[in-house]
Amino acid sequence: MTFEAAFVESTHDAACRHLLAHLRSGRRQEDLCFALWRPSTGASRTTALISELVLPEEGERTLHGGASFQPNFLSRALRLACDQNAGLAFLHSHPVPGWQGMSSADVKAERDRIGGPARATGLPLVGLTLGTDESWSARFWNWEGGELERTWCPKVRVIGRRLRLTWNDELVPPPRRRAVLRRTTDTWGCARQSDLARLRIGVVGLGSVGCLVAETLARIGVENIVLVDADQVKRHNLDRLLYAGEDDIGRLKVELAAENLRRSATAANFTVESHVGWLQQSDCYRAALDCDVLFSCVDRPLPKDLVNHIAYAHCVPVVFGGVFVDTKRDSTLGQATWSVVRAGPERRCLRCDGQYTTSDVAMERDGSLDDPNYIARLTGGRPTNQNVFPFSANLASLMTLEMIRMVVGDTWWPQNAGKLDYSFVPNVLRTEDSRCREYCEVANRTALGDHIAYPFLEAAAPSANLGRMARLRSWLRKLVGGRAP
């Protein structure tokens, strides 16, 4: 299990204002405060979501070049953490930039003075240090074998209108410049390429859009890609599904994609992790929580609702894309639109954007969305879920560009907080900049992590059995000369 820390941008900004105030005014004076955090537990990563600052009151800290806290400040912060069923974090600043190490005084404060009392919360103490360039370093203090052991985090994330990253280069070394990525790296520079490459990015749904997104990620040097899908290649997929041919009918889409991504990848150390199942199955859900960014390439309401939950409760930014095609009664194209929405803290959620409704989720849960008679009544008997490869390709490009804007963009870049919407007829690209409704239930879950359980999680997917069955069906199909058994 690895450990990381993450901030919502507004919490990060408030912490910077307090901890760097003296340093920004020209004084070489550090500062400190406490914070509350809640866990987000994935399959292989636990993230401390820093959710609420506890700033010092009069007489609770002393500033002397360094900074020290009084016992009553620790007691007050600890009571708040216990009352709110949260963990305790200790934050302080250093007068230099970049990822910060720890002095002997820092270790003594965290391990010897705070670590023991913090065990009352039932969660590890999280220590964070802020550099003058707003870079964070972080470590967990876990109780091991009768004493507190320090575990350094590989990175700290700040999630909001942008995704800001501070890396522990000793644990996650930046990739070396490669000739195969020369033009990509020269486009936005080595530092931004290093950020992109080291991200763990998940793609949920490996249909026509998802495969194109995954291929793009592999081509631009992303080192770790996670794929989630339970579907198999079918004949009607072949006009839209990258990689797939006649011989691939019956294969699992994630296996086909993973096989081809390994061939396409430009990163020196590339890994692709395949999960056979739906996102609402617990093992696939936990794998998604291990990601730094998710691409949602699904069209069903339940997984849309679930990625929306992950984006806010677990602070994992989600880039969502969808295509709508209106086919007229004479079977000609009436309209086609596709849209991109980036969901996550300080941005509009998918539900407030109108991508689905709670009644849609209920209909999927009760089986109405799989009832042909019900769908026929809604659509007047016209085709549904129509799409063609050019539409998918354009949408996949817009989605990956939105992720790139989030990671490589400078502070002055416009960061649209709403929807990017393209209409094929009459060839118009629109943008919206708006936020969630005032009392949005989804936005109110922000940074609560495991404390808000998603109600519709299912048992783990039988990935191994599904994979064996799909391979057996593919083999049987070839055996009988291409006819589906």
Right, Ser93: touching a Leu at 6+ places or on another chain (Cβ under 7 Å), under 22 Å from Arg119 (Cα atoms) and surrounded by 15 or more Cβ atoms within 10 Å (Cβ to Cβ) or not? no
One residue from Asp106, Asp133 being free of Cβ contacts under 8 Å to residues at least 40 places away in the same chain, part of a helix (DSSP H, G or I) and among the acidic types (Asp, Glu): Asp106
I'd like to check something: does the range 177-195 contain any residue that is within 24 Å of Thr11 (Cα to Cα), under 17 Å from the mean Cα position of the chain (by Cα) and modelled with pLDDT of 95 or more? yes
So which residues in the range 246-266 are touching a helix residue (DSSP H, G or I) at 6+ places or on another chain (Cβ under 6 Å) and outside any loop (DSSP other than H, G, I, E, B), if there are any at all? Asp248, Leu252, Leu256, Ala257, Leu261, Ser264
Give me the residue from the range 197-245 that is part of a strand (DSSP E or B) and charged (D, E, K, R) and, out of that set, nearest to Val293 (Cα to Cα). Arg200
From the list Glu30, Glu4, exactly one residue is acidic (Asp, Glu) and assigned to a loop (DSSP other than H, G, I, E, B). Which is it? Glu30
Restricting attention to the range 24-38, the residues that are under 19 Å from Leu78 (Cβ atoms) and either surrounded by fewer than 19 Cβ atoms within 10 Å (Cβ to Cβ) or of a type in the set (A, V, I, L, M) (or both) number exactly 3
Taking Ala218, is it in contact with a Leu (Cβ under 7 Å, 6 or more places away or on another chain) and in contact (Cβ under 8 Å) with a residue 24 or more places away in the chain? yes
Given the options Leu88, Leu80, Leu74, name the one that is outside any helix (DSSP H, G or I) and among the hydrophobic types (A, V, I, L, M, F, W, C). Leu88
Conditions: (1) surrounded by 12 or more Cβ atoms within 10 Å (Cβ to Cβ); (2) within 24 Å of Leu123 (Cα to Cα). Pro71 meets all but one. Number of the miss? (1)
Test Leu148 against the stated conditions and say whether it is assigned by TED's automatic domain parsing to the domain that holds Gly98, under 23 Å from the mean Cα position of the chain (by Cα) and outside any helix (DSSP H, G or I). no
Counting only residues in the range 33-53 that are assigned to a strand (DSSP E or B) and among the hydroxyl-bearing types (Ser, Thr, Tyr), the one nearest to Ser282 (Cα to Cα) is identified as Thr41
Within the range 12-23, considering residues that are surrounded by fewer than 22 Cβ atoms within 10 Å (Cβ to Cβ) and touching a Ser or Thr at 6+ places or on another chain (Cβ under 8 Å), the one modelled with the highest pLDDT: Leu20
Conditions (1) in a loop (DSSP other than H, G, I, E, B); (2) surrounded by fewer than 20 Cβ atoms within 10 Å (Cβ to Cβ); number of the one not met by Pro56: (2)
Checked pairs for the range 320-332, first outside any strand (DSSP E or B), second at pLDDT below 85 and surrounded by 10 or more Cβ atoms within 10 Å (Cβ to Cβ), C-beta under 6 Å and 6 or more apart or across chains, list as Lys328/Gly334
Evaluate the following for Asn72: is it at positive phi and not small (Gly, Ala, Ser)? no
Among the numbered criteria (1) in contact with a strand residue (DSSP E or B) (Cβ under 8 Å, 6 or more places away or on another chain); (2) free of Cβ contacts under 8 Å to residues at least 60 places away in the same chain, which one does Val8 miss? (2)
Pairs needed: first member in the range 410-432, more than 15 Å from Gly321 (Cα to Cα) and not assigned by TED's automatic domain parsing to the domain that holds Ser339; second member anywhere, part of a loop (DSSP other than H, G, I, E, B) and modelled with pLDDT of 85 or more; C-beta distance under 7 Å; at least 6 residues apart or different chains. none
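The values are calculated or read from the model by the stated rules, or taken from the named source; none is laboratory data. Values in this document were obtained by computation on a predicted structure and should not be read as measured data. When we count neighbours, we look across all protein chains shown, and the Cβ atoms used for this are built from the backbone with ideal geometry, even at glycine.
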